[in-house]
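Following: one structure in structure tokens, then a few remarks.
The values are calculated or read from the model by the stated rules, or taken from the named source; none is laboratory data. Everything quoted here is computed from the prediction, not taken from an experiment. Positions of Cβ are generated from backbone atoms using ideal geometry, with glycine treated the same way; all protein chains shown enter the neighbour counts.
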Amino acid sequence: MVERDIACSLTAITDARMAALEKVSHPLVARKKGSRENIRNMIKAGATLLLATDALLKSQDMLADWSHLMVNVDPEGKIGESHFNVLVGLEDLGMGPMEILKTATSNIAKSYKVDDKIGTLEPGKMADMVILDKNPLRSARNYRSIHKVIKEGQVVDIDALPLVKHLTK
């Protein structure tokens, strides 16, 4: 992957989620452990990693098979939560702060060959961005401290956005 510059889209789970899963007796827990080790090895090797989907789409059969894994710790398939948890999961696995940021920005733009338009803050590029109250280079948990969202040059009224029922507390 590194030699050929092949990017990998992934969903890393947090240490807290892995600890909760280890209390569950299910064959898929070993797969999660193996996945974490693979991600750790890709990080060490310097592979180009991409932040993956915000939610897993599961069939009813899959949900039944995975029901034992539905622990409510850093959910990996909950819309609006998964991205944050994957970023923390990458931090837990040893990825550096700037590389974590790149998984959600410039790595994706380069992989989709649109880095001339998006992915970094530069003159002439689209300026869609999220402004945070806390520095994400100090902790991946700081990605949750959203202060402002700018889309197509306009500030988005975050409070006016509709909420999906399962996102509300």
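Observations, loosely collected:
- Within segment 119-146, the set of residues being closer than 17 Å to L101 by Cα, at pLDDT below 95, in contact with an Asp or Glu (Cβ under 9 Å, 6 or more places away or on another chain) and not small (G, A, S) comprises D128, I146.
- Residue that is surrounded by the most Cβ atoms within 10 Å (Cβ to Cβ) [pool: residues in segment 112-131 that are of a type in the set (A, V, I, L, M) and either part of a helix (DSSP H, G or I) or touching a strand residue (DSSP E or B) at 6+ places or on another chain (Cβ under 6 Å) (or both)]: V130
- Close contacts from segment 143-168, counting a first residue that is under 17 Å from V130 (Cβ atoms) and a second that is at pLDDT below 90 and surrounded by fewer than 12 Cβ atoms within 10 Å (Cβ to Cβ), with Cβ to Cβ under 8 Å and a gap of 6+ residues or different chains, come to I146/I158; K148/I158; V149/I158.
- Some residue of segment 100-108 being basic (K, R), within 19 Å of the chain's Cα centre (by Cα), exposed (fewer than 15 other Cβ atoms within 10 Å of the Cβ) and modelled with pLDDT of 90 or more: no
- Test: residue in segment 58-70 that is at pLDDT 70 or above and either among the aliphatic types (A, V, I, L, M) or within 16 Å of E91 (Cα to Cα) (or both): no
- The residues of segment 1-18 that are over 18 Å from T48 (Cα atoms) and hydroxyl-bearing (S, T, Y) amount to a single one, T14.
- Residue among N142, N135 that is more than 20 Å from I13 (Cα to Cα), surrounded by 10 or more Cβ atoms within 10 Å (Cβ to Cβ) and polar (S, T, N, Q): N135
- Against the conditions (1) modelled with pLDDT under 95; (2) surrounded by 15 or more Cβ atoms within 10 Å (Cβ to Cβ); (3) closer than 24 Å to N142 by Cβ; (4) within 16 Å of the chain's Cα centre (by Cα), G80 satisfies every one except (2).
- Selection count, segment 136-162, where residues are assigned to a loop (DSSP other than H, G, I, E, B) and not hydroxyl-bearing (S, T, Y): 8
- All positions within segment 147-165 that are in contact with an Asp or Glu (Cβ under 6 Å, 6 or more places away or on another chain) and surrounded by 12 or more Cβ atoms within 10 Å (Cβ to Cβ): K151
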